[in-house]
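J.: Structure below; questions to follow.
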Amino acid sequence: MSATNTQYVPTQVEPLLLEVADVLSTTLNLDNTLRQVAELVRKVIDYEIFAILLLNERTQELRIRFQVGYPPNVAERARVKVGQGVTGRAAKLREPVLVDDVTKEEGYIDAVPNVRSELAIPLIIKNRVIGVVDIEAREPGYFTEEHKRLLTLIGSRMAVGIENAQLYTRTTRQARTLLLLNEIARELTSILNLDQLLKRIGELLSRLIDYQMFSILLVDASGQKLRHHFALRFGQNIQLKHDIPLGRGIVGSAAEQKQAVLVPDVSKDPRYISLNPETRSELAVPLIYKERVLGVLDLEHTRRGFFTEDHKRTITTLAAQVAIAIENAQLYEEIARQERRLERDLSLARELQFRLLPSSYPKLDNLEVAAKFVPARAIGGDLYDFLTYSLSRSAIVIGDVSGKGAPAAIYAALVSGILRSHAPIEPAPAEMLSAVNFSLAERRIEAQYVSLIYAVWDDEGRRLRVANSGLPRPIYCHNGKVEVIEATGLPLGLFDDVEFDEFTFKADPGDRFVFFSDGILDAQNLAGELFGRRRVEEIVAKCGECPAQQVVERLFSAVAEHAAGVDPFDDQTVVAIKVKGSTTKRK
């Protein structure tokens with residue numbers, strides 16, 4: 001059939017643009033948007049060959065997203081580089097291109113047989129090309145300047161609708177993926193047996209990507225080789241014995257470069273080590289914890305180009321959680337081994353515990369931070385930590401594990417690992433306590449529990465949110481007055497369903513918050529008298545404009561003086577924070 005060159009009058013333009021605007025404002029489904037706009041264009045340009053191509057900014061290629069009149073194999077596989085052909089030229093020039101006779105057009109891409117004329121309109125939003133509308137006809141000189149003008153007007157509105165639909169699609173997909181990643185991360189943190197953990201990673205990963213081959217390789221003790229620890233091929237668990245040196249093959253490159261490697265066609269990549277003849281595409285993502293490569297998560301598929309940039313981003317996000325879970329499992333096994341030889345290796349255990357504590361304080365514009373931990377024995381069950389959130393926020397943790405010595409230290413390490421595994425999702429204080437309680441309840445250890453205070457500081461807004469699960473009530477010093485924060489709660493790891501109160505404070509310059517464990521209050525002198533809360537509050541009140549570090553040191557000095565001659569019964573920990581700025585500038 002030969003298309004008819006429909007002519008129209010200017011009065012057709014305004015109603016059409018209103019229809020286009022109505023379509024774009026009533027749907028955020030990209031496929032529906034493109035289809036309905038195409039139908040509206042047909043009302044004024046009687047086409048038989050029509051396409052909307054969207055731009056991949058990374059590859060600078062146009063790909064057909066919607067079409068009418070194209071052979072199916074061409075529509076699916078066609079890729080047009082910016083600058084190539086009529087559509088590529090429109091994208092590069094950022095202006096419409098009208099060709100009366102494509103047979104005279106140098107570089108014309110012959111995608112549909114017998115085409116003679118073509119009109120390509122770039123889709124531009126915020127000075128950025130996102131695609132091209134392309135119409136072709138089998139008659140020379142079919143399209144007019146009026147067609148070009150009308151399609152340019154429609155295209156300007158289409159660009160906004162397409163951008164909104166793409167954003168909505170990406171946001172919806174990302175939200176679903178993040179929920180699933182959160183669920184997976186939560187489950188992984190409850191598994192401390194390494195073999196069980198690796199197997200479960202393979203099972204859960206299939207919910208994100210329909211891979212066919214999966215492997216987890218971990219760096220060996222020498223730090224020079226990757227060793228297969230778990231592998232699946234088409235759903236079957238297999239044993240792979242060979243090791244891969246760092247830097248060799250696709251997985252070795254991912255480990256050495258500390259970057260994900262996406263290979264659409266392994267036959268064209270000289271790094272590929274041919275272990276599976278069926279493999280055509282591969283995605284290798286390093287497992288990194290504290291800038292240290294623990295191993296590589298490797299996915300393979302029999303289809304070329306199966307893995308996408310979205311897959312790469314998703315697995316890279318998951319890999320951070322997997323690395324933490326593996327680190328937790330390895331750390332737990334290591335601590336368990338240390339416990340068996342604790343009597344002859346207490347010095348090593350003490351060093352390990354202090355390595356779990358933060359090596360430095362957070363550097364914040366509006367807050368000073370100080371902390372100190374002194375175990376009652378060689379090792380203890382108190383802990384403190386500082387976790388970085390986004391948007392200038394930081395979390396402050398102080399905890400006290402039941403019991404003393406090695407069992408308490410192991411449990412404290414476990415709690416520390418759980419806290420860090422949940423921190424990337426930036427929970428509120430009460431949510432974090434509930435999450436830790438849930439994880440501990442899943443692997444309850446008789447007579448073991450932990451009391452925690454979890455606080456989140458918003459450095460920009462100078463706000464502190466606090467929740468407590470059994471530690472002594474914190475102190476808040478505001479305008480020279482000492483107040484007790486009435487935050488209480490049940491310890492974690494004892495009961496399944498527990499709720500926690502949360503308190504929010506808008507702090508002023510000079511305000512101080514002091515958190516401490518039972519060991520401070522319960523320190524006894526020779527007469528059996530406890531140090532007590534009253535002394536703590538008096539010392540904090542007398543500190544006045546003292547820096548946070550001085551508040552901590554004065555408390556410990558007073559406790560040491562009070563308990564002179566008596567061996568400490570309990571671990572002692574203090575965390576103090578002070579809002580920066582002069583008190584004279586308060587409003």
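FYI, it's all coordinate maths here, none of it is from the lab. In this text the structure is predicted, and so the values were computed from the model without any measurement. Using ideal geometry, Cβ is built from the backbone for each residue, glycine included, and neighbour counts are taken over all protein chains shown.
J.: Just for the Cα atoms in segment 346-585, what are the lengths along the principal axes, largest first, rounded to whole Å?
T.: 52, 47, 31
J.: On full extension of the chain, what length is gained from residue 446 through residue 537, given 0.36 nm per residue of separation minus the C-alpha to C-alpha distance?
T.: Details: separation 91, 0.36 × 91 = 32.76 nm, distance 3.50 nm.
Gain on stretching residue 446 to residue 537: 29.3 nm.
J.: Taking Cα centroids, how far is segment 492-535 from segment 300-323 in Å?
T.: About 45 Å separates the Cα centre of segment 492-535 from the one of segment 300-323.
J.: Spelling out what I want: for every residue of segment 311-322, take phi, set θ = phi - 60°, compute 6.51 cos²θ - 1.76 cosθ + 1.60 (Karplus), and round to whole Hz; glycine and proline get x.
T.: 4, 4, 5, 5, 5, 5, 5, 5, 4, 4, 5, 4
J.: What FRET efficiency would be calculated for the residue pair residue 63, residue 582, taking the C-beta separation as r and a Förster radius of 45 Å, to the nearest 0.05? List each step's numbers first, then the result.
T.: Numbers: r = 59 Å, r/R0 = 1.32.
Approximately 0.15, to the nearest 0.05.
J.: Over segment 525-587, with a single point scatterer placed on each C-alpha, what log10 of the ratio I(q)/I(0) does the Debye formula yield at q = 0.19, 0.20, 0.21, 0.28 1/Å?
T.: Result of the Debye calculation: -0.77, -0.83, -0.89, -1.31.
J.: Let me ask another. Treat each spin label as a single point 7 Å out from the Cα along the C-beta direction, and report the residue 149 to residue 497 distance in nm.
T.: Roughly 7.0 nm, to one decimal.
J.: Could you give each residue of segment 389-397 its phi-based ³J(HN,Hα) in whole Hz, using Karplus coefficients 6.51, -1.76, 1.60 with θ = phi - 60°, and x for Gly or Pro?
T.: 9, 7, 6, 6, 10, 9, 9, 10, 10
J.: How big is the charge dipole of the chain about its Cα centre, in debye rounded to the nearest 20, if each Lys and Arg gets +1 on its Cβ and each Asp and Glu gets -1 on its Cβ? Show your work: numbers first, answer last.
T.: On the way: 73 positive and 79 negative charges, 196 e Å.
Magnitude of the dipole: close to 940 debye.
J.: Moving to a separate point now. Measure out, as a whole number of angstrom, how far apart the alpha-carbon centroids of segment 36-102 and segment 360-427 sit.
T.: Spelled out, the Cα-based centre of one part sits 57 Å from the other.
J.: How much length, in nm to one decimal, is gained on full extension between residue 234 and residue 126, taken as 0.36 nm per residue of separation minus their Cα-Cα distance?
T.: Working: separation 108, 0.36 × 108 = 38.88 nm, distance 4.59 nm.
Taking 0.36 nm per residue and subtracting the Cα distance, the gain is 34.3 nm.
J.: Within segment 382-478, report the GluC sites (Glu not before Pro) that DSSP leaves as loop and that have at most 12 other Cβ atoms within 10 Å. Mind dumping the intermediate values first?
T.: On the way: sites: 431, 442, 446, 460; in loops: 446, 460.
In loop regions of segment 382-478 (DSSP not H, G, I, E or B), the sparsely surrounded GluC sites (Glu not before Pro) are 446, 460.
J.: Once the dipole of segment 394-516 is set up with Lys and Arg at +1 and Asp and Glu at -1 on Cβ about the Cα centre, which of 457, 425, 408 lies farthest towards its positive end?
T.: 408
J.: Another question, if that's okay. Through the Karplus equation 6.51 cos²θ - 1.76 cosθ + 1.60, θ set to phi - 60°, convert the phi angles of segment 550-563 into ³J(HN,Hα) values in whole Hz; use x for Gly and Pro.
T.: 5, 4, 4, 5, 5, 4, 5, 5, 5, 5, 5, 5, 5, 9
J.: If you don't mind, another one. I need the per residue convex hull volume for segment 10-170, using only the alpha carbons, in cubic angstrom as a whole number. Working shown, then result.
T.: Values: hull volume 17.0 nm³, N = 161.
Residue-normalised Cα hull volume stands at 105 Å³.
J.: First select every other residue whose beta carbon is under 14 angstrom from the beta carbon of residue 428; then total the charges, Lys and Arg +1, Asp and Glu -1. Before the final figure, lay out the partial values.
T.: Numbers: positive: 393, 463, 465; negative: 426, 431, 458, 499, 501, 502.
Local charge sum for residue 428: -3.
J.: So who's got an amide H within less than 5 Å of the one on residue 523, skipping anything under 5 residues away but keeping other chains? H placed 1.01 Å off N, in plane.
T.: For residue 523, the qualifying residues are 531, 532.
J.: Additional query: Provide the convex hull volume over Cα atoms per residue for segment 207-339, in Å³. If you can, show how the numbers build up before the last one.
T.: Details: hull volume 15.1 nm³, N = 133.
Convex hull volume per residue, Cα atoms: 114 Å³.
J.: Show which lysines lie in cross-link reach of residue 126 when reach means a straight Cα distance below 27 angstrom and same-chain residues fewer than eight apart are skipped.
T.: 81, 92, 148
J.: Here is a follow-up. Taking the Cα centre of segment 10-170 as origin, work out the dipole magnitude from +1 charges on Lys and Arg Cβ and -1 charges on Asp and Glu Cβ, in debye rounded to 20. Don't skip to the answer; put the middle values down first.
T.: Values: 21 positive and 23 negative charges, 141 e Å.
Dipole about the Cα centre, nearest 20: 680 debye.
J.: Under 4.7 Å Cβ to Cβ, no partner at all: give me those cysteines from the chain, in residue order.
T.: So, 477.
J.: Now for a separate question. Could you list the trypsin sites (Lys or Arg not before Pro) in segment 33-83 that lie in coil according to DSSP, counting only those with at most 12 other Cβ atoms within 10 Å of their Cβ? Could you put the intermediate results ahead of the total?
T.: Working: sites: 35, 42, 43, 58, 63, 65, 77, 79, 81; in loops: 43, 58.
For trypsin sites (Lys or Arg not before Pro) across segment 33-83 that sit outside H, G, I, E and B with at most 12 neighbouring Cβ atoms in 10 Å, the list reads 58.
J.: Enumerate lysine pairs in segment 346-585 that are 8 or more residues apart or on different chains, then count those whose Cα atoms are under 28 Å apart.
T.: The number of close lysine pairs in segment 346-585 is 25.
J.: Report, in degrees rounded to the nearest 10, the 0 to 90 angle that the Cα long axis of helix 13-26 makes with the longest principal axis of the chain.
T.: With rounding to tens, the tilt is 30 degrees.
J.: Express in nm, to one decimal, how much length is gained between residue 356 and residue 43 on full extension, taking 0.36 nm for each residue of separation and deducting their alpha carbon distance. It would help to have the intermediate numbers written out before the result.
T.: Details: separation 313, 0.36 × 313 = 112.68 nm, distance 6.92 nm.
My answer for the length gained is 105.8 nm.
J.: When a footprinting reagent is the concern and you count Cβ atoms within 10 Å, what order do 422, 478 take, fewest first?
T.: Details: 422 24, 478 16.
Result, fewest neighbours first: 478, 422.
J.: Moving to a separate point now. Taking the convex hull of the alpha carbon atoms in the chain, what volume per residue do you get, in Å³? Walk me through the intermediate numbers first.
T.: Values: hull volume 116.1 nm³, N = 587.
So the per-residue Cα hull volume is 198 Å³.
J.: Taking R0 as 35 Å, what's the FRET efficiency between residue 77 and residue 242 from their Cβ-Cβ distance, rounded to 0.05? Don't jump to the answer; show the numbers that get you there.
T.: Working: r = 37 Å, r/R0 = 1.05.
My answer for the efficiency is 0.45.
J.: Please list, in order, the residues from segment 119-136 whose amide nitrogen is less than 14 Å from a point placed 7 Å along the Cα→Cβ vector of residue 92.
T.: In segment 119-136, the label zone of residue 92 (backbone N under 14 Å from the point 7 Å along Cα→Cβ) covers no residue.
J.: Hey, another quick one. Could you state the angle between the C-alpha long axis of helix 429-442 and the longest principal axis of the C-alpha atoms of the chain, as a value from 0 to 90 degrees rounded to the nearest 10?
T.: 80
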